[in-house]
Amino acid sequence: MRKWEEIYNYLFELIKSHNVKANDFLPSESFIKNKFKISLQPIRKAFYKLIEDKLVISRHGKGYMVIENENNILFSFSSLHPEAISKYTYEGKFKVDEVLRKQTKFYYEDFVHKVLVKRYIKNKLFIVQISYISDYLLKDQINNELLNEQGLLMFLRSHIKQPIGFSIKKILSVSKTNLNLKIAKELESNNLILDKGMLFTINQQLIEYRESYYNYEGFEWSFIEYYR
């Protein structure tokens, strides 16, 4: 891990854990320089990346202030829905053939790890998810005990080689009758919401490709659009 990535990860954790709250200032450049025994260049690069990710703004003469907007931070499902129950099943390690490569966009991977997720809200199956995870970026083996203890996103934060940077997703509606996917047919709705997501490192390396199928009834999505 490069120095600026280490600093970014440290600062991001302060924001994510709410150790530094909205409208408060992150540790100064001089504090970080002394703490990590490094030059200012990687420190400033980490702060610029936080600005680019719309997590902080620079206040002249004061430092870097956390923005009051949690929509910019990638949260785990369990933190957004603490009442929900998620059950994870590790399916194993798979060779990336041409069909899987086209589906997942893992163009430079030889192997990926497959995880199935079922998410329940009020004892009702609400989401089923299939995730494929980069074998190259994993530091440790995946197992069911770790997944069910930590959740997938938290597991990835602790067990991949690079800090998580951002995700992109495509939301569309699909008919269950047209799906050749057994796990999705367990959902109650005939029409489903499909969330195709890709999770990247801060260096734009693909960590995870996932397909999440939601019950159409009760689905709600709110977001903020930024003009850049």
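A few comments on the model shown:
- For the stretch 7-25, the set of residues classified as assigned to a helix (DSSP H, G or I) and exposed (fewer than 15 other Cβ atoms within 10 Å of the Cβ) consists of GLU13 only.
- Unmet requirement for SER134, which otherwise passes all of (1) surrounded by 19 or more Cβ atoms within 10 Å (Cβ to Cβ); (2) within 13 Å of the chain's Cα centre (by Cα): (2)
- GLY151 falls short of the stated requirement of being under 19 Å from PHE106 (Cβ atoms) and surrounded by 12 or more Cβ atoms within 10 Å (Cβ to Cβ).
- TYR107 within 30 Å of GLU52 (Cβ to Cβ), modelled with pLDDT of 90 or more and surrounded by fewer than 15 Cβ atoms within 10 Å (Cβ to Cβ): yes
- Restricting the stretch 26-71 to residues that are among the small types (Gly, Ala, Ser) and touching a residue at least 12 places away in the same chain (Cβ under 8 Å) leaves a set whose member that is surrounded by the fewest Cβ atoms within 10 Å (Cβ to Cβ) is SER28.
- Conditions (1) of a type in the set (A, V, I, L, M, F, W, C); (2) in a strand (DSSP E or B); (3) in contact with an Asp or Glu (Cβ under 9 Å, 6 or more places away or on another chain); number of the one not met by LEU146: (2)
- Residue in the stretch 86-103 that is in contact with a Ser or Thr (Cβ under 9 Å, 6 or more places away or on another chain) and charged (D, E, K, R) present: no
Every residue, every condition in (1) more than 19 Å from GLY197 (Cα to Cα); (2) of a type in the set (Gly, Ala, Ser); (3) at pLDDT 85 or above, yes or no:
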site	(1), (2), (3)
HIS18	yes, no, no
ASP24	yes, no, yes
PHE36	yes, no, yes
ILE43	yes, no, yes
TYR48	yes, no, yes
ASP53	no, no, no
ASN72	no, no, no
HIS81	no, no, no
ALA84	yes, yes, no
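- If you go through the stretch 157-183 and keep only what is of a type in the set (Val, Ile, Thr) and either surrounded by 11 or more Cβ atoms within 10 Å (Cβ to Cβ) or more than 27 Å from LEU137 (Cα to Cα) (or both), you end up with ILE160, ILE164, ILE171, VAL174, THR177, ILE183.
- Within the stretch 144-162, the presence of at least one residue that is among the charged types (D, E, K, R) and farther than 24 Å from MET1 by Cα is confirmed.
- From ILE168, ILE207, ILE193, residue being among the aliphatic types (A, V, I, L, M), assigned to a strand (DSSP E or B) and in contact with a helix residue (DSSP H, G or I) (Cβ under 7 Å, 6 or more places away or on another chain): ILE207
The values are calculated or read from the model by the stated rules, or taken from the named source; none is laboratory data. Every value quoted in this text rests on a predicted model; they were computed, and no experiment measured them. We place every Cβ from the backbone using ideal geometry, glycine too, and count neighbours over all the protein chains shown.
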